[in-house]
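Worksheet: the structure to be examined is printed underneath.
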Amino acid sequence: MFYTDGKLQYPVRVETPNPLFARALQQAVGGVEGEIRVMLQYLFQGWGSRGPKKYRDMLINTGTEEIGHIEMLSTAIALNLEGAPLSLQEEMAQDGIAGAVLGGMNLRHILSTGLGATADDCNGVPFNASHVYASGNLAADMLANVTAEATGRALAVRLHGMTDDPGMKDMLSFLIARDTMHQQQWLAVIEELGGMEKVLPIPNSFPQEMEATRFSYAYFGHRTDQQIPAGRWTEGASLDGKGQFQPMLSEPLGGEPMLAPPRPDGGAQQEQLTGTPANDPTGSTPNVA
């Protein structure tokens, strides 16, 4: 069950409304790096969490925080749209917002919401929940969460650089700080689980001797000149301490794939069924049994 007191998690103010910046903020709401993504990711990870209850509680608590971030950003979008034109005629008549529509304003902010936020990215693409990762493996989910917070922080930093509005910079500085904390939070869980050496490979519950161990720590080189760049990933101990990195030129280990002929009722061309091109002068019919 969720509750709200109707107040924002952090102050949101806009001194100079900017409809184009409102469009940019949509990426932080419904973009692949945005708050809808992490909100759903943490909540679904929490709701499906099995094991120590503290991890479930932490995930749901953080997902709830992200709801508050969406509320802040939606408010910021609405405030940046105040005074925006509702028609092209009005747009051309208002010097303060001149060029807003023709200059790149998100028309859905007029047509769909009446100057409010949408559950879309900055190009109007609706959020796709396939970007939500909740695997049921705690270590895998923590790594996915670190990545989500890293890309979210990069987005917020870029938005911070796009605006001169003091209120928007202040709000974004708060969101950037929370991204910093959440990165540390998810890494702290991995440390609590024993660190990378303990959690790797993920899932570590699968007996590693059942792998094709010859390839477990081999870096495949696929360049035609057979050059393999030297790096930490090609030599020395693996990061889980269970093997040694080694370079290995990639080579085909399997034969050419051979598929059965098409089924007669499968909608294929006659030439596919017989294996004989229509212009074959021999008229021979190979055995396709």
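Site pair LYS242 and SER173 shows an inter-label distance of 4.6 nm when each label is modelled 7 Å from Cα along Cα→Cβ. Once C-alpha pairs closer than 8 Å and six or more residues apart are averaged by separation and normalised to the residue number of the range 97-170, the relative contact order reads 12 percent. Computed over the chain with a Gaussian network model linking Cα atoms closer than 10 Å, the most mobile of TYR133, TYR219, TYR42 is TYR219.
Give me the angle, in degrees from 0 to 90, between the Cα long axis of helix 166-192 and the longest principal axis of the Cα atoms of the chain, rounded to the nearest 10. Helix 166-192 and the main axis of the chain meet at about 40 degrees. The angle between the Cα long axis of helix 53-81 and the longest principal axis of the Cα atoms of the chain comes to about 60 degrees, rounded to the nearest 10. The simple spin-label model puts a point 7 Å past each Cα toward its Cβ; for GLU271 and GLN185 those points are separated by 6.2 nm. Note: relative contact order over the range 139-289, using C-alpha pairs below 8 Å and six or more positions apart, is 16 percent.
Peptides 245-251, 32-38 ranked from most to least packed, by the mean per-residue count of other Cβ atoms within 10 Å: 32-38, 245-251. Of all lysines in the structure, those lying under 30 Å Cα to Cα from LYS53, and not within fewer than 8 positions of it along the same chain, are LYS7, LYS198. Axis angle, to the nearest 10 degrees, between helix 35-47 and the longest C-alpha principal axis of the chain: 60 degrees.
Residue separation of ALA119 and THR224 scaled by 0.36 nm, minus their Cα-Cα distance, works out to 33.2 nm of gained length.
Here the extension length gained between LEU249 and ALA278 equals 6.2 nm, from 0.36 nm per residue of separation less the Cα-Cα distance.
Using the empirical formula 2.2 N^0.38 Å as the baseline, the Cα radius of gyration of the chain reaches a ratio of 1.44. Computed about the Cα centre, the dipole magnitude for the chain is approximately 560 debye when only Lys and Arg (+1) and Asp and Glu (-1) carry charge, each at its Cβ. The GNM of the chain, with springs linking C-alpha atoms under 10 angstrom apart, assigns the highest mean-square fluctuation among ALA76, ALA144, ALA230 to ALA230. With the cut-off at under 12 Å, measuring from each backbone N in the range 62-78 to a point 7 Å along the Cα-to-Cβ line of TRP47 picks out no residue. Remark: GLU256, GLU211 ranked as GLU256, GLU211, counting other beta-carbon atoms within 10 Å and listing the fewest first. Working note: 222 nm ellipticity from helices only, DSSP H runs with n ≥ 4, each -39,500 (n - 2.57), summed and divided by the residues of the chain, gives -14000 deg cm²/dmol to the nearest 500. Extension gain for PHE2-MET258 works out to 86.5 nm (0.36 nm per residue, less the C-alpha to C-alpha distance). Residues considered: LEU20, LEU253, LEU200. Largest GNM mean-square fluctuation over the chain, using C-alpha springs under 10 Å, is found at LEU253.
All of the numbers you see were taken from the coordinates with simple rules; none came from a lab. Just so it is clear, the model here is predicted, and its values are computed rather than measured. Note that we place each Cβ from the backbone using ideal geometry, even for glycine, and neighbour counts take in every protein chain shown.
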